[in-house]
Amino acid sequence: MALSPADRALLAALEEGLPLVPRPFAALGARLGLGEAEVLARLAALRAAGVINRAGLIVRHRELGFRANAMVVLDVPDDELQAAGTRLAREPSVSLCYARPRRPPLWPYNLFSMVHGRERRETLREVHAILMRTGLEAVPRAVLFSTRRFIQRAARYAPIEAGAAETPA
Amino acid sequence: MAAPTAYPSPAPFAPTPLQRALLDRFQRELPLVPAPFAAMAEAVGASEAEVIEALAQLQAAGVLARVGVTLAPNRAGASTLAAMAVPADRLEAVAALVSSYPEVNHNYEREHRFNLWFVVTAPSRARVEAVLAAIEARTGLAVLDLPLDRPFKLDLGFPLRWR
């Protein structure tokens with residue numbers, strides 16, 4: 001589905017989220033010169049087309065106590081990747097599961113998943129249980145816990161003018 | 001720019017029963033109707049004003065990033081997951097430089113030789129590559145570019161397993 005300029009503007013206006021007012025879609029539309037019904041129709045179409053993956057409350061897990069968040073990466077043989085990814089995705093505590101390219105020799109892993117927990121031991125236990133259930137316990141892997149969040153914000157889809165400040169780190 | 005969130009942070013926010021009900025039911029079921037908060041209220045047995053107040057408190061506490069949408073990767077634009085192996089004494093400065101790009105929407109330290117992980121999202125793949133190239137040029141450090149090959153599970157919200 002090709003996105004129209006109007007759809008892009010609508011998604012960009014939604015980056016900061018809906019205003020918490022009784023008629024938020026009308027308020028959003030007013031900023032764009034669109035009627036409430038038109039905003040709702042476009043959002044429903046974008047959701048039906050799969051461009052919008054999820055519409056709802058976007059939560060920050062860490063603030064609710066989920067601080068032991070692990071990115072589990074596996075080096076799965078290419079001909080087993082589809083089956084392994086499908087099995088991992090069925091696990092309720094795997095929140096994301098993607099295939100990504102290896103970058104040998106620096107990065108040998110091609111299957112990425114996220115598992116969230118409150119404490120590291122709890123998360124590691126869950127990762128182990130998932131790997132046993134999915135038959136992936138013998139696959140080379142790494143478990144990368146996040147230790148600091150520098151930024152988490154909505155993705156920007158509207159064009160951004162030029163770069164940020166141009167000073168070397 | 002917000003200060004980095006170091007772990008462990010203070011005690012987690014304790015949501016009210018109404019807030020829990022909203023978090024359990026509406027992470028992926030935003031009612032696309034003129035009065036969505038009234039629709040949520042009806043579903044959880046509260047008033048529209050109570051729902052709006054509960055959500056405003058969650059937002060003020062930082063638990064609720066927004067009432068909004070997440071987009072499927074590479075449908076409305078291009079994105080990639082990027083990683084860098086940053087010397088420890090340069091991590092804060094490099095992380096701040098990475099975060100200064102508006103195209104970067106997640107940026108985390110992780111325990112690994114590749115210790116800085118971030119997501120770059122832009123209207124085009126060319127712009128994603130330009131951002132990665134600029135970060136490489138400005139830091140003198142290599143950036144791993146790991147774009148999505150195949151999604152097996154997209155972000156569907158989060159089962160909160162209340163205690």
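What follows draws every value from the coordinates through simple rules; no lab data is involved. As the structure is a prediction and not an experimental result, all values here were calculated from the model. FYI the Cβ positions are ideal-geometry reconstructions off the backbone, even for glycines, and counts take in every protein chain you see.
Counting partner chain Cβ atoms within 10 Å of every residue's Cβ in B:35-48, what's the average?
Across B:35-48, the average partner-chain Cβ count within 10 Å equals 2.
Return a whole-number percent for the relative contact order of region A:62-145, with Cα pairs under 8 Å and 6 or more residues apart as the contact set.
Answer for region A:62-145 is 44 percent.
Only helical DSSP H runs with n ≥ 4 go in: add -39500 (n - 2.57) per run for chain B, normalise by residue count and round the 222 nm mean residue ellipticity to 500 deg cm²/dmol. Walk me through the numbers before you get to the answer.
Numbers: 5 runs with 55 residues, N = 163.
When only DSSP H runs of four or more count, the value is -10000 deg cm²/dmol.
Go through region A:53-63 residue by residue and turn each phi into a ³J(HN,Hα) via Karplus (6.51, -1.76, 1.60, θ = phi - 60°); whole Hz please, and just put x for glycine and proline.
7, 7, 10, x, 7, 9, 9, 9, 5, 4, 5
With labels modelled as points extended 7 Å from the Cα through the Cβ direction, what inter-label distance (nm, one decimal) is found for A:Ala6 paired with B:Arg150?
In this crude spin-label approximation the distance works out to 3.8 nm.
Volume per residue, Å³, of the convex hull around the alpha-carbon atoms of region B:17-60?
Details: hull volume 2.9 nm³, N = 44.
Taking only Cα atoms, region B:17-60 has a hull volume of 66 Å³ per residue.
Once amide H atoms are placed 1.01 Å from N in the peptide plane, what residues at a sequence separation of 5 or more from A:Arg103, or on another chain, have their amide H within under 5 Å of its amide H?
Result for A:Arg103 returns A:Tyr109.
Pull up all non-local amide H partners of A:Asn53: gap of 5 or more, or a different chain, and H-to-H distance under 5 Å with H placed in the peptide plane.
The answer is B:Thr70, B:Leu71, B:Ala72.
Scanning chain B for GluC sites (Glu not before Pro) in DSSP loops with at most 16 other Cβ atoms within 10 Å, what's the longest stretch left with none?
It runs B:30-110.
What per residue convex hull volume, in Å³, comes out for chain B when only alpha-carbon positions are used?
Hull volume over Cα atoms, normalised by residue count, gives 155 Å³.
What ³J(HN,Hα) values, in whole Hz, does the Karplus curve 6.51 cos²θ - 1.76 cosθ + 1.60 give for region A:85-101 when θ = phi - 60°, with x put for Gly and Pro?
Along region A:85-101, the couplings run x, 5, 5, 4, 5, 6, 6, x, 8, 8, 8, 9, 8, 9, 8, 9, x Hz.
What dipole magnitude, in Debye to the nearest 20, does the protein assembly as shown give about its Cα centre under +1 on Lys/Arg Cβ and -1 on Asp/Glu Cβ?
Charge dipole, the protein assembly as shown, about its Cα centre: 480 debye, nearest 20.
Counting Lys and Arg as +1 and Asp and Glu as -1, each charge on the Cβ, what is the dipole of region B:78-146 about the Cα centre in debye, to the nearest 20?
The dipole of region B:78-146 has a size of about 120 debye.
Just how large is the dipole of chain A about the Cα centre, in debye to the nearest 20, putting +1 at every Lys and Arg Cβ and -1 at every Asp and Glu Cβ?
The calculated dipole for chain A is roughly 440 debye.
Using the Karplus curve 6.51 cos²θ - 1.76 cosθ + 1.60 with θ = phi - 60°, what ³J(HN,Hα) values do you get for each residue of region B:58-65, in whole Hz, with x for Gly and Pro?
Per-residue couplings from phi come out as 4, 5, 5, 7, x, 6, 9, 5 Hz.
Please list the non-local residues whose amide H lies under 5 Å from the amide H of B:Asp149, H modeled 1.01 Å from N, same-chain partners needing a gap of 5 or more.
A:Ala99, A:Arg100
Between A:Arg47 and A:Asp78, how many nm apart are label points set 7 Å from Cα along the C-beta direction?
4.0 nm
Quick one: plug the Kirkwood hydrodynamic radius of region B:101-163 (C-alpha pairs) into Stokes-Einstein at 4 °C, 1.567 mPa s, and report D in µm²/s.
It comes out at roughly 93 µm²/s.
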